[in-house]
Amino acid sequence: MTIDSRAALPPGPTYDYGGHSVRIAPEPGSNTRWRVTEDDGYLGIIATADPVKGEPEVHFAVHFAGEEDIPPTKIVPLWTTAVEFLIDAGEPQRPPVT
């Protein structure tokens, strides 16, 4: 069995999808969580997750911005799929305009 390179660690550091270009950076102090940002907006976190349904590969949990400490919205086998879900279904948090 060949493991898809999109399941490899670490994800990123950048990813282009659907006209979006995001940056993927390790969360400070963690080897298992990455922040996904676009321009000045923060989309959320992707994090390694326990395998599901007995599949041996690493899986990635999706946490939207502001929902980092609750159970993940989705768990997928590819980091690219996790980032695409954040882009498609998330709403970036942007700093307040001053």
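So which residues in segment 67-79 are without any contact (Cβ under 8 Å) to a residue 24 or more places away in the chain and not in a strand (DSSP E or B)?
Glu67, Asp69, Ile70, Pro71, Thr73
When you go through (1) surrounded by 14 or more Cβ atoms within 10 Å (Cβ to Cβ); (2) in a strand (DSSP E or B); (3) modelled with pLDDT of 90 or more one by one for Ala82, which number turns out not to apply?
(2)
Conditions tested, residue by residue: (1) under 22 Å from Gly19 (Cβ atoms); (2) open to solvent by less than 90 Å² (accessible area, probe 1.4 Å); (3) out of contact with any strand residue (DSSP E or B) (no Cβ under 6 Å at 6 or more places or on another chain); (4) modelled with pLDDT of 90 or more.
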| position | (1), (2), (3), (4) |
| --- | --- |
| His59 | no, yes, no, no |
| Ala65 | yes, yes, no, yes |
| Glu68 | no, yes, no, no |
| Ile75 | no, yes, no, no |
| Leu86 | yes, yes, no, yes |
| Gly90 | yes, yes, no, no |
| Pro95 | no, yes, yes, no |
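The values are calculated or read from the model by the stated rules, or taken from the named source; none is laboratory data. In this text the structure is predicted, and so the values were computed from the model without any measurement. All Cβ positions, glycine included, derive from the backbone under ideal geometry; neighbour counts span all protein chains shown. Quick note on the areas: whole protein, heavy atoms, side chains included, nothing else; ligands and nucleic acids left out. Shrake-Rupley method; radii C 1.70, N 1.55, O 1.52, S 1.80 Å.
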